[in-house]
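Here the structure comes first, spelled out in structure tokens, and everything after it is commentary.
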Amino acid sequence: MAKLNINGVVRDVTVEADTPLLWVIREHIGLTGTKYGCGVAQCGACSVHINDEVQRSCSIAVGDVKATDLIVTIEGLSITSSHPVQKAWAAVDVPQCGYCQSGQIMAAAALLKKNPKPTDKDIDEAMTNICRCGTYQRIRQAVHLAADAGTTGRASGG
């Protein structure tokens, strides 16, 4: 049994300690916005925030997560999709297929929390998620738009 604080709700889950956090989020909790992509922490589709740091949930074992760790998924970023990054994504029309976008948004929100006015170089270095559709220019544009809107509040705020 593990205790996980996901999007502000403490949940008890009965899984093996080596179960990837991604599978608990998707299969046991039912939050399907966090996607499975590669399973080896390379693509970033499974990105979540743990204690305000972007992490790839496919490679984190539930046994390595403490009950006091604060996990935020795309669903917890903003219930109404009103986070500045989510608004910028819509304004720029970033998604093409959309599969990687929840992970991209989580990475961008974490970046902007640490660096509210990133340069193109900062964005390129921080946004290591893979987009098969190649929307990188729109992603960069949306990050700048969100930065202009101001995202210095809590990444898990609504």
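Do we find a residue being among the polar types (S, T, N, Q), outside any loop (DSSP other than H, G, I, E, B) and open to solvent by less than 70 Å² (accessible area, probe 1.4 Å) anywhere in the stretch 79-94? Spell out how you get there, then give the answer.
Initial filter on the stretch 79-94 (among the polar types (S, T, N, Q)): 80-82, 86.
Narrowing further to those that are outside any loop (DSSP other than H, G, I, E, B): 86.
Within this subset, residues satisfying the condition of being open to solvent by less than 70 Å² (accessible area, probe 1.4 Å) are 86.
Within the stretch 79-94, one or more residues are among the polar types (S, T, N, Q), outside any loop (DSSP other than H, G, I, E, B) and open to solvent by less than 70 Å² (accessible area, probe 1.4 Å).
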Val40 passes all but one of the listed conditions (1) more than 23 Å from Gln137 (Cα to Cα); (2) free of Cβ contacts under 8 Å to residues at least 24 places away in the same chain; (3) buried (at least 19 other Cβ atoms within 10 Å of the Cβ); the exception is number (3)
Step by step: first the residues of the stretch 121-145, then only those that are among the polar types (S, T, N, Q) and open to solvent by less than 40 Å² (accessible area, probe 1.4 Å), then the one that is nearest to Gly37 (Cα to Cα). Which residue is that? Asn129
Only one of (1) free of Cβ contacts under 8 Å to residues at least 40 places away in the same chain; (2) farther than 20 Å from Arg132 by Cα fails for Ala61. Which number is that? (1)
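Per-residue answers, yes or no, for (1) open to solvent by 20 Å² or more (accessible area, probe 1.4 Å); (2) more than 13 Å from Asn129 (Cα to Cα); (3) small (Gly, Ala, Ser); (4) at pLDDT 95 or above:
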| position | (1), (2), (3), (4) |
| --- | --- |
| Leu4 | no, yes, no, yes |
| Arg11 | yes, yes, no, yes |
| Thr14 | yes, yes, no, yes |
| Leu22 | no, yes, no, yes |
| Glu27 | yes, yes, no, yes |
| Gly30 | yes, yes, yes, yes |
| Gly44 | no, no, yes, yes |
Does any residue of the stretch 50-69 turn out to be at pLDDT 95 or above, assigned to a loop (DSSP other than H, G, I, E, B) and closer than 27 Å to Gln137 by Cβ? no
Which one is nearest to Cys43 (Cα to Cα), of the residues in the stretch 79-112 that are without any contact (Cβ under 8 Å) to a residue 60 or more places away in the chain and not hydrophobic (A, V, I, L, M, F, W, C)? Gln101
Residues of the stretch 20-54 satisfying the condition of being of a type in the set (Ser, Thr, Tyr) and touching a strand residue (DSSP E or B) at 6+ places or on another chain (Cβ under 7 Å): Thr34, Ser47
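Pick from Gln104, Gln42: which is within 24 Å of Asp122 (Cβ to Cβ) and not in a helix (DSSP H, G or I)? Step through it out loud before you land on a result.
On the way: Gln104 fails: not in a helix (DSSP H, G or I).
Checking each option against the conditions leaves just Gln42.
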In contact (Cβ under 8 Å) with a residue 40 or more places away in the chain and closer than 22 Å to Tyr36 by Cα - does that describe any residue in the stretch 113-120? no
Might you let me know whether the stretch 120-128 holds any residue that is touching a helix residue (DSSP H, G or I) at 6+ places or on another chain (Cβ under 9 Å), at pLDDT 95 or above, among the small types (Gly, Ala, Ser) and in a loop (DSSP other than H, G, I, E, B)? no
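The values are calculated or read from the model by the stated rules, or taken from the named source; none is laboratory data. In this text, all values refer to a predicted model and were calculated from it rather than measured experimentally. Virtual Cβ from ideal backbone geometry, glycine too; neighbours counted across all protein chains shown. Just the protein is used for accessible areas: all its heavy atoms, side chains included, with ligands, DNA and RNA removed. Shrake-Rupley method; radii C 1.70, N 1.55, O 1.52, S 1.80 Å.
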